[in-house]
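Structure first, commentary second.
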Amino acid sequence: MTSSDTSPSVLQELYMGRARWDLLTPFPEQDPADRLVGDNAVALLTGLLHRRVDPEQVEAAGRLPGGLLAELQDCGLLRLMIEPALGGLGLSWPNACRVVEAAASWSMPVAFTLSIHNGFGSGSYLQVLPPGPLRSLIAERVVAGIVSAAADAEVTGAANQARTTVAVPVEDGRAYLLTGEKLFIGNGAVADFVDVSATLVNDDGSSAVRLFFVDTHSPGFEVVHTHEFMGLRGAPIGMLRLDGVRVAAERLMPESVDQDWRMRPDGSGSAAPDIDLGRLALLGRHLVIAPPSLAVARSALRWAREFVTRRSIDGRGLGEYEEIRRSVGETAAEVYAIESIQLWCLLGANTSPELTAAKNLTSLAAWRAIDRTMSLLGGEGYETARSKAARGAQPLPVERCLRDARSLRVAGGVDVMIDRWSAETNLTKCYYSSEPATGNPPWSEVRSDSHREYVEANAARLGQICHTLTRDMTSAELFSRQRTTALIGRIGGELLGMAIVLARSASHGTMDLADAACSAARRRLDGLWCELTAELTPTADDVAGRVGDRWLADAEPACLTSDVVTSLDAHTEIEATVAATWCELFGVAAVGPDDDFFALGGHSMLAVRMASRLRDDLGLRVPVRLIMENPTVAGLTLCLAGTGLSPSPKTEGNPGVRNLH
């Protein structure tokens, strides 16, 4: 795997209007000897899964089998890419992806546990940390055997640049006290060691988000909650609370390594020629998303074939129908596309830009594949595996797989955010940098059936539009047009996917699969171009935006939500109590319904005090996250009133306190 920033990126060349087939040729393939090493690792995992993991029991119980993490550790599966000298398997990234893919094909919660630990866990930092106390500490923990996690997301939202978790220097700078809350932390409910992002205020008053490595058994560290989702049932994803947790200064990520990569989900912080935290984050996200996406698509294809070959309609085999054959063929093309994209991202040159686009390319392809198979199977697809087994039918877990697959479009950034991050990074690199792009080829509409010519023509069109937009607008102006940048990002990604598939098929002779994949991509691209053209029309009218504004201002007709059974009536007494609590804690005379908790100076510890006061005054146990997620008086009142519970009188000890979940 090469990642030199000196070689051109295929995706960035597309943004500049050029389809660089020479960069994709010859198409990279995994070395056979390395693949044999991966075969052994996959076999090791497969045996353990068959022996210890019943996916349906994990689904029903909502937790992994007891002792499984220890067995994964003993087998080296929690040290996939760690060198053998430290007890690891020393796998390459392609082989690590194969192991995660195999796990996802059997149990998605196990795959998430493996991928998060191996992709984002403390051991991954050994690749970038210089010799010193922190590197030695992490190496010791890896050898001893730990489960680790990266604690970054907060109740205010992961897309925020700031972090409400704070680090306060103490003991003349020899240590820090960390205070804050983190949620949706993969492996957070079972981790021994976590890296925590926190805002550190410097002596000169400036601040920066830094990474601290924390033992989870430290005083003040608490696992508040294990999340439950529509899918991933059993994955130990948790909410964490730090209340004055002491962290020694040597457990702060060195500034020479820390490049604010947590704040740049697109990896735009990457600058080193080999691998740094930015690229490490991109590879970690890829490990979490792409291999499970490939597992989902492969499973969907296998289940579709199994179903079609055993079913008939009025004596005519299901596979004889045109639409059925087309559906199965489209799913096969999705598998080929995901596999091709993953190979390029892991084995190609300078693929950091491609790794961001690959998140949507792979997860959306997996979603289309499993959704298509769900439609094909109909009621049998929607029925749970347990229900099918109870009536003697083949218990294909299609509906569980669909629920799990939806998580892949959320984890690591939702679709539209990834498209925007990808576009903004590539527009900055190609056009807003000190070396602006030149020589964009002219664009003319292509009517040829050649997919190659289509990519070339549409790359020229993309380059022309990017050149015009960046010439006429500053980066701040252009990036504020979120729909425009999201569409540009999606178009660039689809063209990249087509180029990769065509390049691979030229070497493999798999032209039918490439033709099916590219035909589907062209249909998607034609729709995206229509949207972008409309968006760039000078007289474009944002009707949907106006409707959204009115709805958010509560000015839309009530008929839009009529006959919906809810409990959304705000209670005056609750609002008055919330407002009085805010006034007291913030030391102000009055607050309005739209005053913002954070704008007034709120932070996680103040939210803890507020939750305690509301508990006393309202008789409701209010989770801190509820305050952080509803940071206005009106929003919090609406949320509390929506419980349907009335305030109870304040009594000694408040024995009648009720929980809000």
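The values are calculated or read from the model by the stated rules, or taken from the named source; none is laboratory data. Computed from a prediction, not measured in an experiment: that's the story for all the values here. Quick reminder, even Gly has a Cβ in these numbers, built from the backbone with ideal geometry, and neighbours come from all protein chains shown. Just the protein is used for accessible areas: all its heavy atoms, side chains included, with ligands, DNA and RNA removed. Shrake-Rupley method; radii C 1.70, N 1.55, O 1.52, S 1.80 Å.
Please report, as a whole percent, how much of the solvent-accessible surface of the chain comes from carbon and sulfur atoms (probe radius 1.4 Å).
Percent of accessible area from carbon and sulfur atoms in the chain: 53.
Find the all-direction average of the projected area of the Cα convex hull for the chain, expressing the result in square nanometres with one decimal place.
Averaged projected area of the chain's Cα convex hull equals 34.4 nm².
Can you grab the distance from the C-alpha centre of the range 496-541 to the C-alpha centre of the range 329-379, Å, no decimals?
14 Å
Calculate how steeply helix 32-52 sits against the longest principal axis of the alpha-carbon atoms of the chain, using the helix alpha-carbon long axis, and give the answer as 0 to 90 degrees to the nearest 10.
It is inclined by approximately 50 degrees.
What FRET efficiency comes out for the pair A390/R35, r = Cβ-Cβ distance, R0 = 51 Å, nearest 0.05?
So the FRET efficiency works out to roughly 0.80.
Cβ neighbours within 10 Å, averaged per peptide: list 395-403, 557-565, 133-141 in order, most packed at the top.
Top of the packing list down: 395-403, 133-141, 557-565.
For an R0 of 25 angstrom, estimate the FRET efficiency from the Cβ-Cβ distance between W21 and W529 and round to the nearest 0.05.
Calculated transfer efficiency: 0.70.
Output the peptides 62-71, 469-478, 423-432, 617-626 sorted from most to least packed, where packing is the average of other Cβ atoms within 10 Å over each peptide's residues. Working shown, then result.
Details: 62-71: 15.0, 469-478: 13.1, 423-432: 21.8, 617-626: 20.0.
Per-residue mean Cβ counts within 10 Å order the peptides as 423-432, 617-626, 62-71, 469-478.
At q = 0.22 Å⁻¹, what is the base-10 log of I(q)/I(0) for the range 325-431 according to the Debye formula with one equal point scatterer per Cα and no solvent? Please give it to two decimals.
So the normalised log intensities are -1.15.
Once R0 is set to 56 Å, what does the formula 1/(1 + (r/R0)^6) return for the Cβ-Cβ distance between T474 and R452, expressed as a FRET efficiency to the nearest 0.05?
Plugging the Cβ-Cβ distance into 1/(1 + (r/R0)^6) gives 0.95.
Find, among the chymotrypsin sites (Phe, Trp or Tyr not before Pro) in the range 280-357, those assigned to loop by DSSP (not H, G, I, E, B) with at most 16 other beta-carbon atoms within 10 angstrom. Mind showing how you got there, number by number?
On the way: sites: W303, F307, Y321, Y336, W344; in loops: Y321.
Passing both the DSSP loop test and the Cβ count: Y321.
So what's the back-of-envelope 222 nm ellipticity for the chain, counting only DSSP H runs of four-plus at -39500 (n - 2.57) apiece and dividing by all residues, rounded to 500? Write out the running numbers ahead of the final one.
Details: 23 runs with 334 residues, N = 661.
Calculated mean residue ellipticity at 222 nm is -16500 deg cm²/dmol.
Considering only protein heavy atoms, what per residue accessible area in square angstrom results for the chain with a 1.4 angstrom probe?
Each residue of the chain exposes 44 Å² on average to a 1.4 Å probe.
Which of the aspartates and glutamates could a cross-linker span from K182 if the Cα-Cα distance has to be under 13 Å and same-chain partners fewer than 8 positions apart are dropped?
K182 reaches D152, E154, D195, E222, D243, E629.
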